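Heads up, the thing below is written out as structure tokens.
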């Protein structure tokens with residue numbers, strides 16, 4: 001019986017040694033796996049950092065483009081306002097010219113005779129000038 005007790009103690013010790021060896025191997029495998037995970041995490045951090053930098057650059061460029069687009073829209077708004085003012089000015093000039101044409105075509109009675117005389121005098125002066133020019137050209 002004592003022998004059985006010794007044999008069972010040896011078997012228990014052997015089992016404990018086998019368990020200890022298995023635990024040591026498992027611990028080494030876990031340590032290697034943790035090292036691999038640590039390295040993978042470093043690579044992921046580098047890549048995520050690069051992606052973050054690119055995203056920041058893109059955001060900056062997007063903001064610059066948006067600012068440029070807003071400035072151009074404001075410029076176009078100013079151009080549209082100028083075009084509206086130009087249209088109003090053109091309308092004013094057209095109205096003024098139409099009013100002047102009406103006054104010239106139908107002058108008040110006191111100016112009608114004076115305008116007829118001025119027109120006749122202008123025609124005579126232009127005919128004289130034309131004849132003098134022709135006479136000078138023949139010489």
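Figures for the structure shown
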item: Segment residue 136-residue 71, length gained on full extension (0.36 nm per residue, minus Cα span); result: 16.9 nm
item: Angle between the chain longest axis and helix 109-138 axis [Cα atoms, degrees, rounded to 10]; result: 90
item: Nearest-ten-degree value, helix 2-105 long axis tilted from longest Cα axis of the chain; result: 0
item: Extension reserve of the residue 21-residue 128 stretch, reckoned as 0.36 nm per residue once the Cα distance is removed; result: 25.1 nm
item: Hull volume in cubic angstrom per residue (convex hull over the Cα atoms of the chain); result: 230
item: Semi-axis lengths (Å, descending) of the ellipsoid that matches the C-alpha gyration tensor of region 7-53; result: 44, 5, 4
item: Candidates 12, 80, 69: whichever shows maximal mean-square fluctuation once the chain is modelled as a Gaussian network with Cα springs under 10 Å; result: 12
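Readers should treat all values here as calculations from the given coordinates under stated rules, not as data from a laboratory. Keep in mind the model is a prediction, meaning the values are calculated, not measured.
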